[in-house]
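Below is one structure, written out as structure tokens; comments come after it.
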Amino acid sequence: MSEYFGNIKTGAVTIATGMGITLKHFFNAIHRKGDAGLDDVDYFRQVDGLCTLQYPREVIPTPANARYRLYNKIEDCIGCGQCVRACPISCIEMETIKVAPDDLAVCGKTSDGQQKKFWVPVFDIDVAKCMTCGICTTVCPTECLYHTPVADFSEFDRSNMLYHFGNLTRLEAEAKRRKLAEIQAKALADKEKKAAEAKLEKKDGE
Amino acid sequence: MEEGKVISQSLQESAAAYSIIHEKFGSAISALDANETMPFFEVIDTSQWTEIALFMRDHPKLKFNYMACLTGVDYPAEEKLGIICNFESLALFNHKLAVKVKCARDGGSIPSVACVWHTANWHEREAYDMFGMLFTGHPELKRILCPDDWVGYPLRKDYKVQDQYHGIKVPY
Amino acid sequence: MQELDTAGLGSVRVTRQSDTVVILEKDLATEQMVLAMGPQHPSTHGVLKLECLTDGEVITQAEPYLGYLHRCFEKCCENVDYPAVVPYTDRLDYLAGMNSEFAYAITVEKLLDIEIPRRVEFIRVIVAELNRIASHLVAIGTYGIDLGAFTPFLFCFRDREIILGLLEWASGARMLYNYIWVGGLAYDVPADFLKRVKEFVDYFRPKTVELCELLTKNEIFVKRTLGIGIMPADVAINYGWSGPMLRGSGVKWDLRRNDPYSIYPELDFKVPVPDGKDSVIGDCLSRHLVRAWEMDESLKIIEQCIDKMPSAEGFNSRSAIPKRIRPKAGEVYGRAENPRGELGFYIESDGKSTKPLRCKARSSCFVNLSAMKDLSMGQLIPDLVAIIGSIDIVLGEVDR
Amino acid sequence: MGLLDAGITKHNMLVTSVDNVLNWARLSSLWPMGFGLACCAIEMMATNASNYDLERFGIFPRSSPRQSDLMIVAGTVTMKMAERVVRLYEQMPEPRYVLSMGSCSNCGGPYWEHGYHVLKGVDRIIPVDVYVPGCPPRPESLIGGLMKIQELIRMEQIGISRADALKKLAEKSVDPRIIIERERTVVGA
Amino acid sequence: MSTTALSQFSIPLLMGNSLNAWSDALAGFYLFGLPLGLVIIAAIPLVFIALYSLTYGVYGERKISAFMQDRLGPMEVGKWGILQTIADILKLLQKEDIVPASADKFLFVVGPGILFVGSFLAFAVLPFSPAFIGASLNVGLFFAIGIVAIEVVGILAAGWGSNNKWSLYGAVRSVAQIVSYEIPAAIALLCGAMMAGTLDMQKINILQSGSYGFAHFFLFHSPIAWLPFLIYFIASLAEVNRAPFDIPEAESELVAGYFTEYTGMKFAVIFLAEYGSMFMVSAIISIVFLGGWNSPLPNLGGVALNDWTNGPVWGALWIISKGFFFIFVQMWLRWTLPRLRVDQLMYLCWKVLTPFAFISFVLTAIWEVYRP
């Protein structure tokens, strides 16, 4: 019998405690916690109260190293293809064209002064596939491939999520390719010519 | 075991445990592969596997009461499938052992130890699901992760994914 | 353990006392009904399907069906390099990414036999314990939802959000971090990180008390969980249970203590097990209490780590990372204590490739869930919900 | 929208303003189905929880598909699950919307290449209105995606199809980020 | 009485104290020989409740729960989300109305209707002010208790007709629950009726009026009156399926209970009925134990607070605010407590509430007979 009344008593007491807690929160609702980020010194000194942030208007700052949208600063890309090999899910597609010697100046240098040796006509990142693991960014030698803290970029159409970062248009790429082919052909011809000449000389020498 | 090499405490204990099993079953099991990462022996006479398992569980000096893991493996070079079981004696002794059991690649079967360790029940189903070896004596050997009408055994090295599943295209 | 066949007995409610099955209530057998619970059901914590055979409210048999989230983890592992497996391990137990990464990293390190800088170890332990708290918060919160209390869930998520913020600050992602790499860390922690973690510990302590008063001590909650889903210790071991589930059954087994890794041997923390005073050993309430106590222990560990942390001077978190991970041929089974139990990785390397030949994840939830059939027999539907909640499954880890 | 489709082609003032009101009602009370599949489901729960609080927009999850307007496919859809997803979709009453959340449901995500058992994009089985990228998407991105759905609903009219509404939206294309930026600067100033 | 109805219509506002003046006047109001007044009498509480349901019930629940959970609640739909419920209802109106192919069509359609009627019929006998009561029955309290039972039929029809296992579970649980909890609830109300000596709702209210305000309420009438009050409050929670007794619609167990299959407007009707009955039980408890439309303020010597705050209009204010207070308590409980299990629910009913209800019944009887 005492257990019976004991149960009723503990029930009443614990329910009252719980209701006290919720009521405390209810009255605390006149306060609102601010939108300080964790790197803010006062983060844990904010008042206890409503912790909702009204997203489009108020935003918690994302940290600088936050990994969300993958972005390639194509001006700095040297087309080494490390990222393509490193990506576990191969969501980066890349195509390179060797820069012709006379185009080197046109192609330019990266911001840290490295000479770019490849055109990158195709640098496609399928952000729909990307799992923001950040492996590609750590292997990038020029740090041109990085994740931006921008998170909100939904689309109505999935094909819009294929991001093109190439630094040549299709026509330009075609031209470069042709040019390179010409140069290569010329080089090959030269080589053959030289070889032939060498042969000839050899023959002559005999 | 190489002589003169410094071996760790846990490896010594595992070796001691192995010698007890070896005494009983002799040639049915292979020699202990005493490496530091995962000491194991192989069951050569596969048909004795359940008995070995029971012995390992119930022997007062072994008491391998805890099966940590059961992994199915494909050995295409040897034309074999296998399972690797990691055992330990939870809260009683400090020894750990792994056991390998192999069977033929096509239609091979391994005796089930689901009646010895409940853990083995689902793990064997999973191994069957992924590799296709049979477990004789398993209470309900059916696919566990893939759907029942899935074609092929996905973790085999030569697995080709099916084209359609219920009218949905499977590959990307 | 005594097996019970309830097929002929009609509607029977049972419970277990130590080793025997006790019949609580017996009713006339009526027509049995197949009740498919899930894969889309609010209380199955994801896409688990339970096919229950019910007689009125009593379940005669419940058979779990998994695989609705089978994401081919092991196949993916065989096709990517060792470091690239890390993001996949995050997605196993997505509530405790850090712990999964930790388990994978120590496994491969065991195979590679490399030495890790001490600061890395400390940071690893801090982030893993933070993530353990976050994971337990979800477990406790969703358990509250399962039993009908919505508010504790939101309080849990409110505090979890701070942990996620901390981890995002350190690693750059909120949930799936790719932070603990094989041989090191992706980055060192930010300058003020440790200070803020310390502040978080101070902030969080009173919140656990509040949570305890709001949920754990609530009489209705206790009545819903006390003596439900009892699992005796020996059966639990035989089922291969681990983590809070096993400790809930009264076995003092924690890999951080019993198979120590990293710097855990240097740290002072308790392995909480129920003493049978507040709860029946092995029931849902015990498991819940173990989780609640573990959060306190994790807070202790974090505090100690911060105090003992080696300085950041001349520290490079990636210094010990091999240029190219290509372990010698061999096999390894490595494991770590996850919030849900033992997460083990079996890795086989052929010594030539940079990809593992076989990588199997031994997931704690998969093993813990396998006892579901046994636990659910002769229980009421609401108790079934309580039992599933107390197992605290993450389907990503169950199905892999 | 059944009967009315055929009859009304030209829109007079009345229909348009009624449309506006009805659309306003629909976009203000989008009840999603609490349909968690994987990792993204946890972020979806986090979005529903206190810190982001979807209820601000009148969005609160229902567990029955019959009472929901929006399906948030949060997580990896596997072959085994695909048929259930379709069935759940069919159980939802019209007008219904689908938001694909996260890489996995967009196109298979990390599992697109080797995941034999993963459905490579939920749009292979049900029509998807908005894709939210990320793995998992931040709660902010989910809210952004939901606001895109609201934009889509705002454009809808009796008698025009959703594809047309999308086209109309594309003409009027307003980048939500710009709005967000603008709002933020206004609040900041 | 019929021809001068229009002139009578304005008088009750002034005359105030005569019992049921407004409603009697309305009842006598005929237009072109049609009993329009009766229709209005029936409609006023309904309209009022519908409005309340829209603006306070759902919106209030959302806001209250949000504040208890450190959230903001509806914000974007109108200022402070004030139009949220209107948007919800408008949307539900537009939704496709699915009747599942395998459902029992008749029961499925009729279920929500019965539910709605059941919960709103009781409003007819609730005295909303000294001058207004829909139907001044001399067995008003009995009617109110009895009519709630109709809800059970609606729930069972809805749950069975859906042909869904979860719905069936919800319906069966609900029936068991409501029927069981009728007993302690009725006994507890009987204590109130015993104190009053009548079942007439309006008379129960009059008996609680006096210059000392709250001191005349039946809650303070006898030393054990708090017991039936508490018992009725707990039982009423179960009767309207509110937490912690919300097992018929237990979301984590039964998806959405007996209305799992309902869409669109039918779902809205069920929702409305639920919030309607919430107010109904709150009003009954405040009428029987807390003086209904009587002002709780006492006359303090020369400051006649009680006299100033009594009257037809004040009365309506008092009863509504008392009702709202209990609704707030219901929500407060809901967002604090976990849910009971089915058998625990029955335990609470049969082994705790019912015995205590009997005890309080006997004690009240003794008190009434041997009152000092």
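Descriptive notes on the structure:
- Filtering segment D:46-61 to residues that are more than 7 Å from every other protein chain (Cβ to nearest Cβ) and surrounded by fewer than 24 Cβ atoms within 10 Å (Cβ to Cβ) leaves D:N48, D:L54, D:F60, D:P61.
- D:E90, sole failed condition from (1) within 10 Å of chain C (Cβ to nearest Cβ); (2) under 19 Å from D:V122 (Cα atoms): (1)
- Filter result for C:V251 (facing another protein chain (nearest Cβ under 10 Å) and within 18 Å of the chain's Cα centre (by Cα)): yes
- Being of a type in the set (S, T, N, Q), more than 14 Å from chain B (Cβ to nearest Cβ) and crowded, with 19+ Cβ neighbours inside 10 Å is a description that does not apply to C:S242.
- Matching residues in segment E:281-313 - criterion: being free of Cβ contacts under 8 Å to residues at least 40 places away in the same chain and among the aromatic types (F, W, Y): E:W308
- Where helices (runs of 4 or more DSSP H) sit wholly within segment E:173-279, those with at least 3 residues that are closer than 24 Å to E:A357 by Cα, modelled with pLDDT of 85 or more and open to solvent by less than 10 Å² (accessible area, probe 1.4 Å) occupy E:226-239.
- Number of residues in segment A:146-167 that are touching an Asp or Glu at 6+ places or on another chain (Cβ under 9 Å) and closer than 21 Å to A:C80 by Cβ equals 5.
- Among residues of segment E:328-372, those that are among the hydroxyl-bearing types (S, T, Y) and open to solvent by 20 Å² or more (accessible area, probe 1.4 Å), counted: 2
- For E:A316, the conditions (1) part of a loop (DSSP other than H, G, I, E, B); (2) touching a strand residue (DSSP E or B) at 6+ places or on another chain (Cβ under 7 Å) all hold with the exception of (1).
- In segment A:85-114, the qualifying residues are those that are of a type in the set (A, V, I, L, M, F, W, C) and within 25 Å of the chain's Cα centre (by Cα), and the one that is surrounded by the fewest Cβ atoms within 10 Å (Cβ to Cβ) is A:C107.
- Extreme residue, most open to solvent (accessible area, probe 1.4 Å), among residues of segment A:70-84 that are in contact with an Asp or Glu (Cβ under 9 Å, 6 or more places away or on another chain) and charged (D, E, K, R): A:K73
- Residues of segment C:245-263 classified as open to solvent by 10 Å² or more (accessible area, probe 1.4 Å) and in a loop (DSSP other than H, G, I, E, B), total: 8
- Flag if A:I97 is more than 9 Å from every other protein chain (Cβ to nearest Cβ), touching a residue at least 60 places away in the same chain (Cβ under 8 Å), in a loop (DSSP other than H, G, I, E, B) and in contact with a Pro (Cβ under 8 Å, 6 or more places away or on another chain): no
- Test: C:L299 is in contact with a helix residue (DSSP H, G or I) (Cβ under 6 Å, 6 or more places away or on another chain), farther than 18 Å from C:A134 by Cβ and assigned to a helix (DSSP H, G or I): no
- Subset of segment D:26-45 [within 7 Å of chain C (Cβ to nearest Cβ) and among the polar types (S, T, N, Q)]: none
- Scanning segment D:120-168 for residues that are among the hydroxyl-bearing types (S, T, Y) and within 14 Å of the chain's Cα centre (by Cα) gives D:Y131, D:S141.
- Among the candidates B:S89, B:S112, residue that is of a type in the set (S, T, Y), open to solvent by less than 10 Å² (accessible area, probe 1.4 Å) and out of contact with any Lys or Arg (no Cβ under 8 Å at 6 or more places or on another chain): B:S112
- Scanning segment A:142-162 for residues that are more than 7 Å from chain D (Cβ to nearest Cβ) and closer than 21 Å to C:W169 by Cβ yields A:E143, A:Y146, A:H147, A:T148, A:P149, A:V150.
- Search result, residues across segment A:1-26 that are among the small types (G, A, S) and closer than 17 Å to C:K223 by Cβ: A:G6, A:G11, A:A12, A:A16, A:G18
- Test: residue in segment A:95-110 that is within 24 Å of C:R324 (Cβ to Cβ) and touching a strand residue (DSSP E or B) at 6+ places or on another chain (Cβ under 8 Å): yes
- Scan of segment C:136-171 for residues that are more than 7 Å from chain E (Cβ to nearest Cβ), farther than 24 Å from C:P382 by Cα and more than 19 Å from the chain's Cα centre (by Cα), ordered by number: C:I162, C:G165, C:L166, C:E168, C:W169, C:A170, C:S171
- Filter result for A:D126 (open to solvent by 10 Å² or more (accessible area, probe 1.4 Å) and either more than 29 Å from D:H114 (Cβ to Cβ) or touching a residue at least 40 places away in the same chain (Cβ under 8 Å) (or both)): no
- Some residue of segment E:46-53 being more than 24 Å from E:E182 (Cβ to Cβ), modelled with pLDDT of 80 or more and open to solvent by less than 40 Å² (accessible area, probe 1.4 Å): no
- Residue match in segment C:359-366 (condition: within 9 Å of chain B (Cβ to nearest Cβ), open to solvent by 10 Å² or more (accessible area, probe 1.4 Å), under 14 Å from C:T107 (Cα atoms) and of a type outside the set (A, V, I, L, M)): no
The values are calculated or read from the model by the stated rules, or taken from the named source; none is laboratory data. Source: prediction; values computed, not measured. Cβ coordinates were reconstructed from backbone atoms using ideal geometry, including for glycine residues, and neighbour counts include every protein chain displayed. SASA here: full protein model, heavy atoms, side chains in, ligands and nucleic acids out. Shrake-Rupley method; radii C 1.70, N 1.55, O 1.52, S 1.80 Å.
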